Amino acid sequence: MLTDIATFDETIKMCSRTGGKVFIPTTTEQNNKIHSVLTQPSSVCSPNYQILLGVRRNIISEHWSSYDGRRNVDVVFFRENADSVTFANNDCASMGISSPLWYLDNCSSNQPLSCTPCSYGNFPPLRLKGLCFKQEEFGFTYILGYHSKTPYFYSLSGILIYKENNNEWYMFDATKQKIVASIRLVADTYNPLGRKLWIVQVHGLCQFRQHDNVLITLTSCESSMFTCDSGDCIASNDLCDGIAQCQDQSDESNCAILHVPQTYNSRSPPQNEAPLIIISNIEILQVLEIDDDHHWLQLDLVVTLTWKDGRLKFMNLHKDSDDNFLSDDEVAQIWIPKFQFSPVQDGDSTLIDKQVQIVAAGEALSTDYNRHRKE
């Protein structure tokens, strides 16, 4: 049961971000069990909360389905007088403390802080990234229970993530019996899902120092997908394509192509064991003028130079090389072969434009499972 849900849209997003789906009761027993969460004294849902149910009515057919529309819902538990409510503006359902029977509700309306039931079929539902796990399985993370009426998370590495008062979240390493990192979120409805900056509280957490700000990801996304800052998932192919797929637009940030190591020298060519091969190609665009008497001509042409520089690393490359041009600032950081025509009439040659395009000539390097994004 997830708490502090404010809208029906959030029921889908929050269950998805934790690796689950909104649970829809199909029997009276299941429906009564969900309602009992509101009536138990120790419940994580306060008595004044509602339970938002993941069902939605099709306005045209008036049939009920799951909120995302992927499956029909044939069994519903509405109050007897539900039909007397105007259906035009009420196409969702909720449950209150007085009865397990459902209320008709407006899908687009903001609700008082509420709960929603989630079901989990795939395990592990979550992965913890950004640390230094020696095996991928150590980052597998589960919702184990509740602390301060908020779900807490446990990874197979022995790290617990839980919330205390004042919206402070802690990362506790059970193997060291220490709090190793913390983060303060600005509202009750915020949670550590997605990509967040944590503050390291101890020495010896991976390579980090005490008080370092470290980006840590808690995600339900598959390893082949990208995790938005919010915790939503998008296809890795949509990363840095110029079109924001994440609602928070985090997929279009940090999209630099070039990574230059500290030891790189832009004044020196690549030092390979074999001679550096530079392939040149000249394409004449047009002949502007020909002077037979003085034996010269004026041309517009494109010169293409191709070479390999194994010292550099490239990220966020697209399949279409036309999308893989370096910026002017990036071009200024790398070694580029010089090209000149000799002889040239009176040294009269004008460079109109210079661009550096990256072409992926082989397979991408494997991505460490501790990394936040597959690049």
*What number of residues within region 221-234 are over 18 Å from M14 (Cα atoms) and either modelled with pLDDT of 90 or more or not assigned by TED's automatic domain parsing to the domain that holds L193 (or both)?*
0
*Go over the candidates Y146, Y170 one by one and state the one that is crowded, with 18+ Cβ neighbours inside 10 Å, modelled with pLDDT of 85 or more, closer than 18 Å to P192 by Cα and assigned by TED's automatic domain parsing to the domain that holds I216.*
Y170
*Looking only at strands (runs of 3 or more DSSP E) that fall completely inside region 213-270, which ones have 1 or more residues that are of a type in the set (A, V, I, L, M, F, W, C) and exposed (fewer than 15 other Cβ atoms within 10 Å of the Cβ)?*
213-219, 233-235
*asked:* Every residue in region 1-29 that is among the hydroxyl-bearing types (S, T, Y), at pLDDT below 85 and more than 24 Å from V75 (Cβ to Cβ), please.
replied: T3, T7
*For residues that are touching a strand residue (DSSP E or B) at 6+ places or on another chain (Cβ under 6 Å) and among the hydrophobic types (A, V, I, L, M, F, W, C), scanning just region 203-214, find the one that is modelled with the lowest pLDDT.*
L205
_I'm checking my understanding of the structure. Among residues of region 239-289 that are in contact with a strand residue (DSSP E or B) (Cβ under 9 Å, 6 or more places away or on another chain) and of a type in the set (S, T, N, Q), which one is farthest from S224 (Cα to Cα)?_
Q286
*Pair list, Cβ under 7 Å, 6 or more apart: region 150-179 residue under 19 Å from L2 (Cβ atoms), other residue loosely packed, with under 13 Cβ neighbours inside 10 Å and among the aliphatic types (A, V, I, L, M)*: Y152/L144; Y154/L144; L160/A174; N167/V186; N167/A187
*So which residues in region 93-124 are in a loop (DSSP other than H, G, I, E, B) and buried (at least 20 other Cβ atoms within 10 Å of the Cβ)?*
P117
_With the requirement that a residue be out of contact with any helix residue (DSSP H, G or I) (no Cβ under 7 Å at 6 or more places or on another chain) and outside any strand (DSSP E or B), what does region 63-73 give you?_
H63, G69, R70, R71, V73
*Yes/no for L288 being assigned to a strand (DSSP E or B) and surrounded by 13 or more Cβ atoms within 10 Å (Cβ to Cβ)*: no
*Enumerate the pairs (first residue in region 332-353 and modelled with pLDDT of 80 or more; second residue anywhere and among the hydrophobic types (A, V, I, L, M, F, W, C) and in a loop (DSSP other than H, G, I, E, B)) with beta-carbon separation below 8 Å, excluding pairs fewer than 6 apart on the same chain, so at least 6 apart or on different chains.*
Q333/V260; I334/V260; I334/L312; I334/L326; I334/V356; I336/V356; P337/I278; P337/W307
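The values are calculated or read from the model by the stated rules, or taken from the named source; none is laboratory data. Model, not experiment: these values are computed from the prediction. Note: ideal-geometry Cβ built from the backbone for every residue, glycine included; neighbour counts use all protein chains shown.
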